1. Would you mind putting 45-56, 95-106, 26-37 in packing order, based on average other-beta-carbon counts within 10 Å, highest first?
2. Please state, to two decimals, what the Cα-based radius of gyration of region 26-82 comes to when divided by 2.2 N^0.38 Å (N = residues).
Amino acid sequence: MERNTYRTSQLFEILGVSRDALRYYEKQGIVKPNHDESNNYRQYNDYDIYTLLVADFYIKRNFSMKEVRKLQEGRAIEELETLLEIKAEQLEETIRNNKFMLQKIKETKVFCEGLKEHLNVSVKYSPPSNPFRVM
């Protein structure tokens with residue numbers, strides 16, 4: 001059975017993956033293209049395209065390159081489940097922190113509005129030499 005091969009420029013057309021990104025994936029051990037000895041061009045096959053798509057899937061879900069490599073090594077499904085649980089917990093923590101910060105920003109806004117109303121002054125940000133000045 002004949003296998004399709006693709007050059008770097010063709011992968012950019014197919015997947016939108018830049019030459020630099022392909023080199024990075026190659027350095028990270030995610031993809032291992034063959035080299036055409038006559039011109040030293042990299043040759044990617046259908047499996048390489050599949051591998052890049054799978055890697056992109058996990059990277060977009062905040063997996064590190066190290067974690068993607070481990071998944072490529074065929075770790076057990078239990079390991080994947082554990083890794084997904086960890087990612088979910090990390091995301092939930094980020095959401096909690098962002099909600100907390102949003103609440104603090106809202107409280108600060110209300111506080112500043114109260115200052116302006118009760119003191120008849122406004123607080124403006126200025127350069128670091130004198131970060132806040134009362135007008």
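Just so it is clear, none of the values below were taken in a lab; they were calculated from the coordinates. Remember, it's a predicted structure, so these values are computed and weren't measured experimentally. Neighbour counts run over all protein chains shown; Cβ positions are idealised from the backbone, glycine included.
1. On the way: 45-56: 15.6, 95-106: 10.0, 26-37: 13.9.
Order by mean packing, descending: 45-56, 26-37, 95-106.
2. Against the empirical 2.2 N^0.38 Å value, I get 1.30 for region 26-82.
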